[in-house]
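What follows is one structure encoded as structure tokens, with my remarks underneath.
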Amino acid sequence: MSETVNAIAFAVLALATVGGSAGMLASRNVVHAAYWLLEVCVATAGLYFLLDADYVAVVQLLIYAGALAILLIFTIMLTLRERADAVRPRDFSWPGLALAATFFALVTVAVVGWTPGAVTMPDVAPGIVEFGEKLFAPSGWAVQFEIASLVLTAALVAAVMWTKEGDE
């Protein structure tokens, strides 16, 4: 019975994630697209909870849903001068379609041709010290994450400054 409930919950959350992604792409209003992104982040956190990755799910909720999506929504609302600026035109682009089809074909070939490698479990579960050494080592994960967050913050500040130029 438990596996059936997990399968149903997974299907609902997976449909919510894919549906939210489609809603974000199809939305003409950029504020609505940002809210769809927030919905995708929350559904992804739900998928992490189903996989018993509670820490990753909480980080997903706090960083992506709680901070990044809200920051994006505030930035959009700050930079909009008029209500009509929030509506994106529906422009069709043949080069964009060709690029999307090429990307889809490459991903399909990569997924079909991928064979998972054999995973060996360690004899002893690594402790918090090993995790910290991996995380904060010069080649670890934290440095790249912090660099990406600085670049995103600089881009958002630049966008706000750029749109407010001339308003005095």
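Of note:
- Considering each residue of region 116-124 in turn, none proves to be at pLDDT 85 or above and open to solvent by less than 80 Å² (accessible area, probe 1.4 Å).
- Complete set of residues in region 100-125 that are aliphatic (A, V, I, L, M) and not in a helix (DSSP H, G or I): Ala118, Val119, Met121, Val124, Ala125
- Output for region 125-134, where each listed residue is open to solvent by 100 Å² or more (accessible area, probe 1.4 Å) and either touching a Leu at 6+ places or on another chain (Cβ under 8 Å) or among the charged types (D, E, K, R) (or both): Glu133, Lys134
- Filter result for the condition that a residue is under 30 Å from Asn29 (Cβ atoms), in contact with a Lys or Arg (Cβ under 7 Å, 6 or more places away or on another chain) and open to solvent by less than 100 Å² (accessible area, probe 1.4 Å), over Val87, Val59: Val87
- Qualifying position, being surrounded by 12 or more Cβ atoms within 10 Å (Cβ to Cβ), small (Gly, Ala, Ser) and over 28 Å from Ala159 (Cα atoms), among Ala53, Ala65, Ala137: Ala53
- Scanning region 6-21 for residues that are free of Cβ contacts under 8 Å to residues at least 24 places away in the same chain and surrounded by 12 or more Cβ atoms within 10 Å (Cβ to Cβ) yields a count of 5.
- Filtering region 94-108 for residues that are touching a residue at least 40 places away in the same chain (Cβ under 8 Å) and of a type outside the set (Phe, Trp, Tyr) leaves an empty set.
- Residue in region 98-105 that is of a type in the set (Ser, Thr, Tyr), open to solvent by less than 100 Å² (accessible area, probe 1.4 Å), within 30 Å of Val30 (Cβ to Cβ) and in contact with a helix residue (DSSP H, G or I) (Cβ under 9 Å, 6 or more places away or on another chain) present: no
- Each residue in region 17-60 was checked for being within 27 Å of Leu97 (Cβ to Cβ) and among the aliphatic types (A, V, I, L, M), and 11 of them qualify.
- For Glu3, the criteria (1) open to solvent by less than 30 Å² (accessible area, probe 1.4 Å); (2) free of Cβ contacts under 8 Å to residues at least 12 places away in the same chain hold in every case but one, which is (1).
The values are calculated or read from the model by the stated rules, or taken from the named source; none is laboratory data. The structure displayed is predicted, hence computed values, not measured ones. Cβ sites come from the backbone with ideal geometry, for glycine too, and all protein chains shown count toward neighbours. Just the protein is used for accessible areas: all its heavy atoms, side chains included, with ligands, DNA and RNA removed. Shrake-Rupley method; radii C 1.70, N 1.55, O 1.52, S 1.80 Å.
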